[in-house]
Amino acid sequence: MKKIWAWGALLFGILYFTLPLVGMTNFSLKMRRGEYSFEAYARVFGDPRFQETFTYSVTQALFTIVFGVLLVVPTAYWIRLKLPGLRPYVEFVTLLPLVIPAIVIVFGYIRLYNTSSWLPLTGSAFGTNILLMFGYATLALPYMYRAVDTGLRTIDVATLTEAAQSLGAGWTTILARIILPNVLVAVLSGAFLTFAIVIGEFTMAALLNRPAFGPYMQLLGANRAYEPAALAVIAFGITWGCLGLIQLVSRFQKSAPPKA
Amino acid sequence: MSTAHISARSPARRLPLHWLGILPFAAFVTLFLILPTMKIVVGAFQTPDGSFTLDNIRGLFTPSILAAYWISIKISVASALLGCLAGFAISAAVVFGGLPKGIRGPLLTFSGVASNFAGVPLAFAFLATLGPVGIVNVFLRSELGIDLRALGFNILSFWGLTITYLFFQIPLMILIITPALDGLKREWREAASILGATGFQYWRMVAFPILLPSILGTLALLFANAFGAVATAIALTGSSLSIVPILLFAQIRGDVLGNPHLGYALAFGMIVVTGVANAIYIWLRARSERWLK
Amino acid sequence: MSFLSLTNIKKSFGPVQVVHDFDMGIEKGEFVSFLGPSGCGKTTILRMIAGFETPSDGTITIDGKDQGSLKPNQRNIGMVFQAYALFPNMNVHDNVAFGLKVAGASRSEIDTRVKQMLGLIKLDHLADRFPYQMSGGQQQRVALARALAVKPQVLLLDEPLSALDAKIRVSLREEIRQIQQQLGITTVFVTHDQEEALSISDRIVVMNAGRADQIGTPFEIYNTPATRFVASFVGTLNIIEAKVTDPAAGTVMVGDQSVILAEPIANLKGGDTISLALRPEAGSIAESASGDTSLVGEVESTNFLGSVIRTRLRVGNDLISFDMFNNPGVVPPSYGESVKLRFAAKDLLVIRE
Ligand SMILES: Nc1ncnc2c1ncn2[C@@H]1O[C@H](COP(=O)(O)OP(=O)(O)OP(=O)(O)O)[C@@H](O)[C@H]1O
Ligand SMILES: [Mg+2]
């Protein structure tokens, strides 16, 4: 009785989640009439706009990751070490991007950093790229911060720091040589998640008018029939890849205990 | 806002040097999270020349804008509730249902992927599935002679959007609730049972109250998640379905409402709605969690 | 028939049999401890009595009533778990009231009973506390009150003290025993701490690999262990290897010393090896000590334990410990010294393997 119910719930889940995946895969292969082919994929990969926007988004993602790590790791470390009383508040702030819709945040950017403001970031393509990167870092903040903070919890920050200091290490050395390697898995998890978020992000890029992958997909979706399905498969593959890498690095950590 | 007044009050008590360490973070958050949000909030109460007004807010109370909010809230509530329900059922099936142990790992991995598979590609996937020429429609029409469209189903609708959103809502619920279900100790169930409780009494009096904070938190998160979802909606419906995020998107792009400051009010309304949802959550949580403080 | 009787109980998990032919009757109001090393099946038997596990074979009856077809919530049993298992979302009052509430008792009934129970465990003043606001010892007392509130026929305790620190462990075990005697409730107590079992039980079941090696009063278990396992698990008995020289005369060799036992040795012939047990407090090295038997050995170590001094002697291949009371006027033997340990031949027990 109980088992039937459990299998029922699971079956529903499997059905609901596989149908769209089957649907998009099936559709993406049907560009040629009457036969399955990779035509849609060939078209997508051959499209120079695809290559441009994809490269753009990958670059953005990489910069976002670097910026995010540089921002979050020292902060989370410092708060654990010196300002533990502040943790709940910082945690609250880092969770805000889950509550405030991205479209509201980017709307604020547009109005706050327009050409006539004190910091006219949207005035130039370069400035807008930077702004978009900050926006992505904001979106990724909840995930990055949580990942790093959880990673820091498993090591004894205070003892490691004192040990390093007694050997004459400065703050940069401590962070780069002691703390970072110890939370590397957490940082990598945060990084892959950031990558997955940034690569297909639509709202911010579209409203800031940047040639990113998300808006490209949307544009293609509005004008074509089969290519969007191929894009969906590709995007799903990328997401799967990122999450798979997270699993991989965490498993690696389990088998190889962190060096102290 | 509570964070602002905390950071304004405490520095005197500690060495200022300590505070330098979080300066970059504080600056970043202020510039790219707090200030932009404040800008919207303030702008909602300003005329174009900067003086205070309630006209923008009043401007929201037109039938079309109210309808947009209403359908947005309905979709968000429905997809959050259904997501919670389905996610809970699947998670409970795996944790307690006596299913093979091997299912659990893949389920969690898949949930991680699916909860992040949102936005434009998700819309494409559902168009290819439930759209007019999607796999389900085609199958039902050719094999069973059922025409979903004739029956009134349209993917560009309340239900269409809700079903699509569930694709990331359910996995999110699974990811959050599975650890919570794991946290239910076997001894609690056994203690309840040996004290004479039925399975239902155990769930009503012990398990559910213990899970409630997690469930409420997830509900609030799922609600905000759906309420702010722009990409999926736009890629799925173009602009044929008037929900708030789509309206705001169009307004930011081209001032379709014919009043720039009405955009502020629209965005402010979104903050208010998600804010209220979270306030309700925090209030309920405080009530249900006296035993955890 | 006994009040709680376990007849021919077997239990297997898959191919592994963890309980073998367990037979026991427990009388009404009796306090019985299951004592044994980790993994010997104590918890499994307890869980079968509670109904959480179904015996692969055999029957369990309480007050003559077969429990086989009853679910845990249909049995009238109280249980206390090792990790307290209080409901974290309820305060002390509600935890204790839980069983009465699901049974549909009235408010006033519940309140009276809860008050009574909290009085019993002396925690009246903590009725509004939540579990996280209490120490382990307090939580375990609440768990006891919760189990007793429904007036169960049998109380089961699965290592209720092992998560507590040493001091509380001793005081709480005495409190449990006192409450048990006050209420006259039939109790099964699981532990792997022999001192605990010896100090509070009416009878002890010493378990070894899914079987009961010996069932008896603490006095019997300690003084006349039935098997070598019981002897080594309970107390600090010395186990001495010996070679039979003349079974009829009861003479054996310990190392190169000959010893005469109090009785002839049955079922063995010359040249067989046997195990003998000697309690540490049975021997003495004082010149004035009486005893019809003795063994000479070399001192390996002396440990000062407060009121007693424990000395270990090497005799042949065995180490024999003996205790003497601390007496400021007597200097304990020193390392390497050769001493003569005197004891009564009847204190040297022959142990079945
Ligand atoms: N559900 C189960 N499935 C398979 N094997 C089990 C199960 N429960 C117990 N066992 C096995 O049965 C044996 C007896 O377990 P039991 O819990 O009764 O031991 P115990 O005497 O209570 O030990 P401890 O002192 O460690 O609590 C152990 O070897 C254990 O691994
Ligand atoms: Mg046990």
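Bear in mind these aren't lab numbers, they're just calculated from the coordinates by the rules spelled out. Predicted, not measured: the structure shown is a model, and the values here were computed from it. Methodologically, a virtual Cβ is constructed for each residue, glycine included, from the backbone with ideal geometry; neighbour enumeration extends over all protein chains shown.
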C:THR217-B:ARG186 pseudo-label distance in nm [points 7 Å out on the Cα-to-Cβ vector]: 3.8
Using the Cα gyration tensor of chain B, with a ≥ b ≥ c the square roots of its eigenvalues, what is the shape: rounded (a/c below 1.5), prolate (a/b larger than b/c) or oblate (neither)? oblate
So if we plug the beta-carbon distance of A:ARG87 and B:ARG141 into 1/(1 + (r/R0)^6) with R0 = 45 Å, what FRET efficiency do we get, rounded to 0.05? 0.20
Here the gain from full extension of A:ASP156 to A:SER116, 0.36 nm per residue of separation minus their alpha-carbon distance, amounts to 9.6 nm
Report the residue, chosen from C:GLY216, C:GLY41, C:GLY291, that carries the largest GNM mean-square fluctuation when chain C is represented by alpha-carbon nodes joined by springs under 10 Å. C:GLY291
Taking B:MET205, A:MET24 and counting other C-beta atoms within 10 Å, the order from fewest to most: B:MET205, A:MET24
Evaluate E = 1/(1 + (r/R0)^6) for C:GLU174 and A:SER250, where r is the Cβ-Cβ distance and R0 equals 51 Å; express this FRET efficiency to the nearest 0.05. 0.55
Proximal charge balance of C:LEU161 [Cβ under 13 Å; K/R count +1, D/E count -1]: -3
Pop out the Kirkwood hydrodynamic radius of region A:147-260 from its pairwise C-alpha distances, inverse of mean 1/r, in Å to one decimal. 16.9
Principal axis lengths of region C:4-232 from Cα atoms, whole Å, largest first? 51, 41, 30
Could you tell me what % of all Cα pairs in region C:297-353 have separations over 13 Å? 65
Calculate, in nm to one decimal, what C:PHE304 and C:GLU241 gain on full extension: separation in residues at 0.36 nm each, minus their alpha carbon distance. 20.0 nm
Along the three principal axes, how long is the protein assembly as shown when you take its alpha carbons, biggest first, rounded to the nearest angstrom? 115, 73, 64
Once you list every other residue whose beta carbon is under 15 Å from the beta carbon of B:ILE271, what net charge do they have if Lys and Arg are +1 and Asp and Glu are -1? +2
Can you flag which of A:LYS3/C:LYS101; C:LYS65/C:LYS115; C:LYS42/C:LYS71; C:LYS243/C:LYS340; B:LYS101/C:LYS11; C:LYS28/C:LYS65 are past 22 Å Cα-Cα? A:LYS3/C:LYS101; C:LYS65/C:LYS115; B:LYS101/C:LYS11
Restricting to the protein assembly as shown, what percent of DSSP beta bridges are antiparallel, rounded to 5? 75
Taking R0 as 51 Å, what FRET efficiency do you get between A:GLN165 and B:THR62 from their Cβ-Cβ distance, rounded to the nearest 0.05? 0.20
Beyond 19 Å, what percent of the Cα pairs of region C:236-351 remain? 43
Extension gain from C:GLN17 to C:ASP272, taking 0.36 nm per residue of separation minus the Cα-Cα distance: 88.5 nm
With the crude spin-label approximation of a point 7 Å out along Cα→Cβ, what separation in nm comes out for C:LEU319 versus B:LEU23? 6.5
Top mean-square fluctuation among C:LEU261, C:LEU237, C:LEU70, Gaussian network model of chain C, C-alpha springs under 10 Å? C:LEU70
Qualifying lysines (Cα of each under 30 Å from Cα of B:LYS39; at least 8 residues distant if same chain): B:LYS74
As a check on your grasp of the helix formula, calculate [θ] at 222 nm for the protein assembly as shown: sum -39500 (n - 2.57) over DSSP H runs of n ≥ 4, divide by the residue count, round to the nearest 500. -17000 deg cm²/dmol
Rounded to the nearest 5, what % of the DSSP beta bridges within region C:4-232 are antiparallel ones? 50
